[in-house]
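J.: Below you will find the structure I want to go over with you.
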Amino acid sequence: SQQGEEDPQALSIQEGENATMNCSYKTSINNLQWYRQNSGRGLVHLILIRSNEREKHSGRLRVTLDTSKKSSSLLITASRAADTASYFCASNAGGTSYGKLTFGQGTILTVHP
Amino acid sequence: ETGVTQTPRHLVMGMTNKKSLKCEQHLGHNAMYWYKQSAKKPLELMFVYNFKEQTENNSVPSRFSPECPNSSHLFLHLHTLQPEDSALYLCASSQDMARPYNEQFFGPGTRLTVL
């Protein structure tokens, strides 16, 4: 089964608008992380939310986690053209492999100036 | 810069060539990872090393051979690759595998093209 499915697959918005991306996962998690990737580059960690947390903020980012629905969302407020990138959620099941992350396919966000 | 470097950034090789990808981290981390990123597929974990010991081999074909001589360096040796192995290969590091709330730090990747 596939873990960490994001939707939408692509999102196009105007600068200043908010962008919401959703992620679903299949198995129980210890934590869920969001990463950003600019075209053809490495991933950059954005935010981590623990399984016992429901919401977390970091600057213009807001992440929610609903473990009963096995889903998470990433909200970017007041988007900027520089936010154009791919965004990935990654679930961490914990247990004996805390370092092992399972990534989703990502959401491609385009912010038009 | 994330503190993780990868060389080369681009590599074109024939199916009979042998080449190696190099990753170095300057973060004092003890866990290192190789991922494969292909178009329209999720990031695939290939290998994991924790304190220089391989802890994960995610059913990767033997034409990919990892090496971790110390906690700062990770190599991926390539031989007799197939065109479908063309992808972006990403290296990452984290503090170690025992901490539950580790973030991973990624290098910029090596874009590999197999002809």
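J.: Dipole of the stretch B:10-89 (Lys/Arg Cβ +1, Asp/Glu Cβ -1, origin at the Cα centre): which of B:THR16, B:SER72, B:LEU45 lies farthest to the positive side?
T.: B:THR16
J.: A further question follows. Restricting everything to alpha-carbon atoms, can you work out Rg to Rh for the protein assembly as shown with a Kirkwood hydrodynamic radius? Show your work: numbers first, answer last.
T.: Details: Rg = 17.5 Å, Rh = 18.0 Å.
A ratio of 0.97.
J.: Quick one: net charge of A:GLY40's neighbours, Cβ under 11 Å, K/R +1, D/E -1?
T.: On the way: positive: A:ARG41, B:ARG9, B:ARG111; negative: none.
Summing Lys and Arg as +1 and Asp and Glu as -1 gives +3.
J.: Please give the charge dipole size of the protein assembly as shown, origin at the Cα centre, charges +1 on K and R Cβ atoms and -1 on D and E Cβ atoms. Round to the nearest 20 debye. Each step should come with its number before you reach the end.
T.: Working: 23 positive and 19 negative charges, 35 e Å.
Result for the protein assembly as shown is approximately 160 debye, rounded to the nearest 20.
J.: I'd like the distance between the alpha-carbon centres of the stretch B:51-100 and the stretch A:43-90, rounded to an integer number of Å.
T.: 28
J.: Let's test the formula: R0 of 22 Å, r as the Cβ-Cβ distance of A:SER68 and A:ASN30. What FRET efficiency results, to the nearest 0.05?
T.: Details: r = 16 Å, r/R0 = 0.74.
Using R0 = 22 Å, I get an efficiency of 0.85.
J.: Now a separate question. By residue number, which cysteines of chain B lack any other Cys whose Cβ falls under 4.7 Å from their Cβ?
T.: B:CYS68
Values quoted throughout were computed directly from the atomic coordinates according to the rules given, and no laboratory measurement underlies them. All of these numbers come straight from a predicted model, not from anything done at the bench. Counting neighbours? That spans all protein chains shown, and the Cβs are built from the backbone with ideal geometry, glycine included.
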